[in-house]
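The values are calculated or read from the model by the stated rules, or taken from the named source; none is laboratory data. Everything numeric in this text was worked out from a predicted model, so none of it was measured. Using ideal geometry, Cβ is built from the backbone for each residue, glycine included, and neighbour counts are taken over all protein chains shown. Side chains are part of the model used for accessible areas, which takes the heavy atoms of the whole protein and leaves out ligands, DNA and RNA. Shrake-Rupley method; radii C 1.70, N 1.55, O 1.52, S 1.80 Å.
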Amino acid sequence: MSLHALRLDTPPTEHDWSELSSYTPASDGFEWRDMLTEQDIDASHRYNDEVRRMLHTVSGAPARLQELGELLMIPTVREAMHLAVCVLRLEEIGELRRTGDGNAFSSTRA
């Protein structure tokens, strides 16, 4: 994984979404903390309600990060990273889990 190759201010490509979807903090010692500012981390919280609404509505239905990003009309890789941080945080606290090939997420709520 090479997050440093991402161009944060350009529209996310399919490759960018794939990189972000497969990211886990343990995979590189939280490499993107060096890329995102504290304001970016704070901004990631604004996606909590939208992600919860989209994934908790249909229990067990998986969604890929790219699909969530397209629904939220994410315009740049930086915003995609905000969304990814949000999803990883929800995964970390047990609200979401990875499904299928590990690049899709679904709600743990019944």
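In the context of the full set of protein chains, residues of the chain present 54 Å² of accessible surface per residue (probe radius 1.4 Å, heavy atoms only).
Note: relative contact order over the chain, using C-alpha pairs below 8 Å and six or more positions apart, is 36 percent. Normalised by 2.2 N^0.38 Å, where N counts its residues, the alpha-carbon radius of gyration of the range 28-110 equals 1.05. The amide H of L96, built 1.01 Å from its N in the peptide plane, has E91, T108 as neighbours under 5 Å, considering only residues 5 or more places off or on other chains. Sparsely packed loop sites in the range 1-89 (the trypsin sites (Lys or Arg not before Pro) outside DSSP H, G, I, E and B with at most 13 other Cβ atoms within 10 Å) comprise R7.
When shorter helices are ignored and each DSSP H run of at least 4 residues is given -39500 (n - 2.57), the per-residue value for the chain at 222 nm works out to -13000 deg cm²/dmol. Count the net charge of all other residues whose Cβ sits under 15 Å from the Cβ of P11, scoring Lys and Arg as +1 and Asp and Glu as -1. Every neighbour counted, the sum reads -4. With the convex hull of the Cα atoms taken as the outline of the range 4-68, the averaged projected area works out to 5.2 nm².
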